[in-house]
1. Among residues belonging to the range 105-132 that are in contact (Cβ under 8 Å) with a residue 24 or more places away in the chain and part of a strand (DSSP E or B), point out the one that is farthest from residue 155 (Cα to Cα).
2. Do you know which residues across the range 119-151 are crowded, with 18+ Cβ neighbours inside 10 Å and within 30 Å of residue 71 (Cβ to Cβ)?
3. If I go through the range 37-95 residue by residue, how many of them are out of contact with any strand residue (DSSP E or B) (no Cβ under 8 Å at 6 or more places or on another chain) and assigned to a loop (DSSP other than H, G, I, E, B)?
4. Of everything in the range 139-148 that's within 24 Å of the chain's Cα centre (by Cα) and assigned to a strand (DSSP E or B), which residue is nearest to residue 106 (Cα to Cα)?
5. Might you check whether a residue that is surrounded by 12 or more Cβ atoms within 10 Å (Cβ to Cβ), assigned by TED's automatic domain parsing to the domain that holds residue 12, touching a helix residue (DSSP H, G or I) at 6+ places or on another chain (Cβ under 6 Å) and free of Cβ contacts under 8 Å to residues at least 12 places away in the same chain occurs anywhere in the range 67-81?
6. Just wondering, is there one or more residues in the range 74-85 that are at pLDDT below 95 and closer than 30 Å to residue 31 by Cβ?
7. Determine whether residue 52 is without any contact (Cβ under 8 Å) to a residue 40 or more places away in the chain and either within 30 Å of residue 153 (Cβ to Cβ) or not assigned by TED's automatic domain parsing to the domain that holds residue 114 (or both).
8. So, in the range 1-36, how many residues would count as being surrounded by fewer than 18 Cβ atoms within 10 Å (Cβ to Cβ), touching a residue at least 40 places away in the same chain (Cβ under 8 Å) and touching a strand residue (DSSP E or B) at 6+ places or on another chain (Cβ under 9 Å)?
């Protein structure tokens with residue numbers, strides 16, 4: 001089965017590449033030194049420092065594999081100037097009845113950060129907004145029941 005693409009902004013891709021570079025060039029060597037230091041400390045069968053270093057090694061190697069997989073499937077989200085419909089990369093202003101207008105940028109799940117206005121296209125709200133235009137009303141099914149939003153603007 002084909003892996004699904006990793007949708008990222010150019011900045012998001014850069015950040016993941018920097019993290020991968022740091023893990024490969026710095027963190028991997030640090031953990032290797034921790035393992036060597038623990039081995040030099042004597043018997044490793046009951047050595048907590050050795051066990052912790054091996055655990056850290058597993059975490060680092062796992063994250064490296066994850067990042068390599070994500071970066072191998074990157075599709076860059078291009079800025080969408082003058083877009084009339086919501087798509088990946090759009091900035092959308094929405095209004096929920098009784099609330100204040102909110103602004104969200106639609107990004108892929110890897111860059112999602114709802115507290116900072118970056119929602120995933122796979123989130124309930126993001127999925128509901130996709131393909132709609134200014135003036136449209138969308139209904140989002142939530143655990144508390146359906147919520148309706150009006151799209152005030154798309155850029």
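1. Result: 107.
2. 119, 120, 121, 125, 126, 128, 129 - these are the residues of the range 119-151 that are crowded, with 18+ Cβ neighbours inside 10 Å and within 30 Å of residue 71 (Cβ to Cβ).
3. The number of residues fulfilling the criteria is 12.
4. 140
5. No, the range 67-81 has no match at all.
6. Yes, there is a match, as at least one residue in the range 74-85 is at pLDDT below 95 and closer than 30 Å to residue 31 by Cβ.
7. Details: without any contact (Cβ under 8 Å) to a residue 40 or more places away in the chain: yes; either within 30 Å of residue 153 (Cβ to Cβ) or not assigned by TED's automatic domain parsing to the domain that holds residue 114 (or both): yes.
It is true that residue 52 is without any contact (Cβ under 8 Å) to a residue 40 or more places away in the chain and either within 30 Å of residue 153 (Cβ to Cβ) or not assigned by TED's automatic domain parsing to the domain that holds residue 114 (or both).
8. Residues flagged as surrounded by fewer than 18 Cβ atoms within 10 Å (Cβ to Cβ), touching a residue at least 40 places away in the same chain (Cβ under 8 Å) and touching a strand residue (DSSP E or B) at 6+ places or on another chain (Cβ under 9 Å) within the range 1-36 amount to 2.
The values are calculated or read from the model by the stated rules, or taken from the named source; none is laboratory data. Since this is a predicted model, take the numbers as computed values, not measurements. Don't worry about glycine lacking a Cβ; one is built from the backbone with ideal geometry, like all the others, and counts go over all protein chains shown.
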